[in-house]
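Since the structure comes first, as structure tokens, the remarks are kept for the end.
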């Protein structure tokens, strides 16, 4: 009985003691929503979607800038530009028509018809002409070529051209020298060709027909002769001329470097006169 009372008293004491303690509550775990996770600036920079977008954009930009540009070739070559100019002067074309073949700088320098006529002389009457092969600069923006023009006295003319707006334009014309008239017969053309070999090789192409000047072998007109050494002499062995079609065959013995070469020159006549079309070696 005493034991039961003692337990009852303890129960009463425990109940009154707990009621006097402050209310205690267990801490609850904070549950954060996925949308409430704080994102730092560094995390924003690591956004895989943004990174992928930036990468794709940069690749696209590089591909665009890396595309090669198309090279625009001139519509006509330097020889054609000079030929058109000379044909115009033969037909007495005025400055307004001719200026389309001139560079802006050269056209401004000539100014008018008087400046155009002063190039060759106001009393010059252009006749036949021969246009040489051009020399193109390394950057392919400039070209020079020499021509022989007969007014009727022959003059060696240098044309300087520039590539302007995708077309070859004459930038300067210089009269280098004057000499005798262009040969009117096939034999004279051959002798003029051989004389140029010794004195001025760059003028040899003036004695070729137009189609041959555009198809020269490596080494130019000089290589057509296939001889070695300085020219020591030449003798025409035979000449045959056919009026229709106008062709000629001239056989010449050429002495060069202490050796004799027998060559056959085949010529034809075009609108500018007689010109060499081919040179063949002849067996004795």
Condition met for residue 69 (surrounded by fewer than 10 Cβ atoms within 10 Å (Cβ to Cβ), modelled with pLDDT of 50 or more and not assigned by TED's automatic domain parsing to the domain that holds residue 155)
no
If you check residue 217 against the conditions, is it surrounded by fewer than 16 Cβ atoms within 10 Å (Cβ to Cβ) and in contact with a helix residue (DSSP H, G or I) (Cβ under 6 Å, 6 or more places away or on another chain)?
yes
Residue 190 being under 29 Å from residue 265 (Cα atoms), at pLDDT 90 or above and either buried (at least 18 other Cβ atoms within 10 Å of the Cβ) or more than 25 Å from the chain's Cα centre (by Cα) (or both)
yes
May I ask you to say which residue of 266, 191 is within 25 Å of residue 132 (Cβ to Cβ), in a helix (DSSP H, G or I) and not assigned by TED's automatic domain parsing to the domain that holds residue 151?
191
Out of (1) more than 15 Å from residue 276 (Cβ to Cβ); (2) touching a strand residue (DSSP E or B) at 6+ places or on another chain (Cβ under 9 Å); (3) assigned to a loop (DSSP other than H, G, I, E, B), the one residue 216 does not meet is (1)
Using beta carbons and a limit of 6 Å, which pairs, at least six apart or on different chains, have the first residue in segment 85-100 and in contact (Cβ under 8 Å) with a residue 12 or more places away in the chain and the second one surrounded by fewer than 17 Cβ atoms within 10 Å (Cβ to Cβ) and assigned to a loop (DSSP other than H, G, I, E, B)?
95/112
Which residue pairs have Cβ atoms closer than 9 Å, lie 6 or more positions apart in sequence or on different chains, and pair a first residue in segment 114-132 that is on the phi > 0 side of the Ramachandran plot with a second residue that is crowded, with 16+ Cβ neighbours inside 10 Å?
121/151
Against the definition (part of a loop (DSSP other than H, G, I, E, B), touching a strand residue (DSSP E or B) at 6+ places or on another chain (Cβ under 7 Å) and without any contact (Cβ under 8 Å) to a residue 60 or more places away in the chain), how does residue 227 come out, yes or no?
yes
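The values are calculated or read from the model by the stated rules, or taken from the named source; none is laboratory data. The structure displayed is predicted, hence computed values, not measured ones. Using ideal geometry, Cβ is built from the backbone for each residue, glycine included, and neighbour counts are taken over all protein chains shown.
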